[in-house]
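Visitor: Have a look at the structure that comes next, please.
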């Protein structure tokens, strides 16, 4: 199997809907973080918004690419754009998804670090992208790196919940834990439909926890 094929995440149809749901929730979170930034001017809120906007964009791109693949519309687009290789077109879309998702998660990780040196985030991003693109199994490396980053983010929010002991902090911690677990799950099951569905339900649980937290905070 070619490197181009391996970089593509699988599409089983249902994931198109899941990814759009995740994108909508990520946008809601990002907009709320923007509102907090406008009021408080907290840099962490701004970065939180940027991170989730990137994550949302990644989901939208992946959903669109998978939709085009399922209905074979990518062939028509390639013909219209005079692109010779459908595989290259699909690979570019999945690569854009990987870059945006990795960037977004790294920005979210950066908000939890004690050091606010911007070079740290750039170093993480560059080394991550090199590791993904240079590896013969890029999907697995992509999910592995995202999992590692999300585990560190989860640990930060678990400690935050232990300190504050509020329902809202519990939901945020639970959300990141489920998100991390879904990506760990994808490392081993990305090409198996039944298990892939289970991974998406874990991810759905994560975003529902984020959404529940949004509504609880918004009511106050």
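The values are calculated or read from the model by the stated rules, or taken from the named source; none is laboratory data. Quick caveat: nothing in here was measured; it's all calculated off a predicted structure. Neighbour counts run over all protein chains shown; Cβ positions are idealised from the backbone, glycine included.
Visitor: Taking the stated definitions as given, is residue 16 surrounded by 15 or more Cβ atoms within 10 Å (Cβ to Cβ) and at pLDDT 90 or above?
Guide: Against the criterion (surrounded by 15 or more Cβ atoms within 10 Å (Cβ to Cβ) and at pLDDT 90 or above), residue 16 does not qualify.
Visitor: Now for a separate question. For residue 77, are the conditions met, namely being modelled with pLDDT of 60 or more, farther than 19 Å from residue 203 by Cα, in a helix (DSSP H, G or I) and more than 15 Å from the chain's Cα centre (by Cα)?
Guide: no
Visitor: For residues that are within 15 Å of the chain's Cα centre (by Cα) and closer than 19 Å to residue 142 by Cβ, scanning just region 191-206, find the one that is modelled with the highest pLDDT.
Guide: 206
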